[in-house]
1. Being buried (at least 18 other Cβ atoms within 10 Å of the Cβ) and part of a helix (DSSP H, G or I) is the filter here; which residues of the stretch 166-183 pass it?
2. Every residue in the stretch 128-155 that is over 16 Å from residue 193 (Cα atoms), in contact with a strand residue (DSSP E or B) (Cβ under 8 Å, 6 or more places away or on another chain), at pLDDT 95 or above and crowded, with 18+ Cβ neighbours inside 10 Å, please.
3. For residues that are in a helix (DSSP H, G or I) and either within 21 Å of residue 224 (Cβ to Cβ) or touching a helix residue (DSSP H, G or I) at 6+ places or on another chain (Cβ under 6 Å) (or both), tally how many sit in the stretch 109-137.
4. Can you tell me which residue is nearest to residue 260 (Cα to Cα) among those in the stretch 71-92 that are in contact (Cβ under 8 Å) with a residue 24 or more places away in the chain and over 22 Å from the mean Cα position of the chain (by Cα)?
5. Just need a number here: residues in the stretch 46-64 that are touching a helix residue (DSSP H, G or I) at 6+ places or on another chain (Cβ under 9 Å) and crowded, with 17+ Cβ neighbours inside 10 Å.
């Protein structure tokens, strides 16, 4: 029933189905993960229905998008570019080929160590890493670590040494996949059991469960840089930084289409806001398009603040 209603809403809202010509042709990357797909579809909808763009969506990923921008100066728009994983972006920006439109994640992408809120409510000391390591039994005596091959695994392994987990009686469980890492958090929360481990956001699991980021102390750029390398000679304590996650556009596009550049410069999501949307998508087994409809119908004040007066008039005919 839910999927039928969503399909009806999808058609009723007139999501992009035909080319329009007011702003000309625009190409936009669609990253191959859930949040990237939703952000692209929201942006596409607003460009087509509000600004009359003829939009081509280009399946992409971080490295693919940067390579295409460097070699072909396209696509015009790349939402959700994690620039820490794409250092070539900074060279292209310095050369004047790319322009940052927005921090599409307002607070940046988050990487943290987490415990459930009910544990902190019962034991406030667990809000800090010192409290966690002084009371390992309260969190189940286990740290849920990243799988092999993930960048966070290297940093976590070095932090485990720096915090002396072994000496504090904290076992480290290295997960075989991201799915099992998320599944243990979900199972623990639903059963109100202890859990302590790494996760990142915005993600569906952090939208569904109220987790508390453990205070790991201050962030130190030099220490964190060492902790990210497998051969870090002396791992030390540093929190994870917020990861810049941007929407970028080619300089050519920004110059020839300032109205749409202004639009994409305004599109930004709070971490919890997007995590909640991802959780809704997963709970409803919804497509990116269906999640887009859900966002557009339930967050009208948000997206209406992104668009100009002309687009508001056009979109007002759809959202009555």
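The values are calculated or read from the model by the stated rules, or taken from the named source; none is laboratory data. As the structure is a computational prediction, the values presented were derived from the model and not from experiment. Counting neighbours? That spans all protein chains shown, and the Cβs are built from the backbone with ideal geometry, glycine included.
1. Those that are buried (at least 18 other Cβ atoms within 10 Å of the Cβ) and part of a helix (DSSP H, G or I): 181, 182.
2. 129, 145
3. So the count comes out to 10.
4. The qualifying residue nearest to residue 260 (Cα to Cα) is 74.
5. Total meeting the criteria: 13.
Conditions (1) within 22 Å of residue 291 (Cβ to Cβ); (2) at pLDDT below 95, marked per residue:
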position	(1), (2)
241	no, yes
253	no, no
262	no, no
270	yes, yes
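Residue-by-condition table, conditions (1) under 14 Å from the mean Cα position of the chain (by Cα); (2) in the same structural domain as residue 62 (by TED's automatic domain parsing); (3) touching a residue at least 24 places away in the same chain (Cβ under 8 Å); (4) surrounded by 15 or more Cβ atoms within 10 Å (Cβ to Cβ):
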site	(1), (2), (3), (4)
187	no, no, no, no
197	no, no, yes, yes
200	yes, no, yes, yes
211	no, no, yes, yes
221	no, no, no, no
253	no, yes, yes, yes
257	no, yes, yes, yes
265	no, yes, yes, yes
271	yes, yes, yes, yes
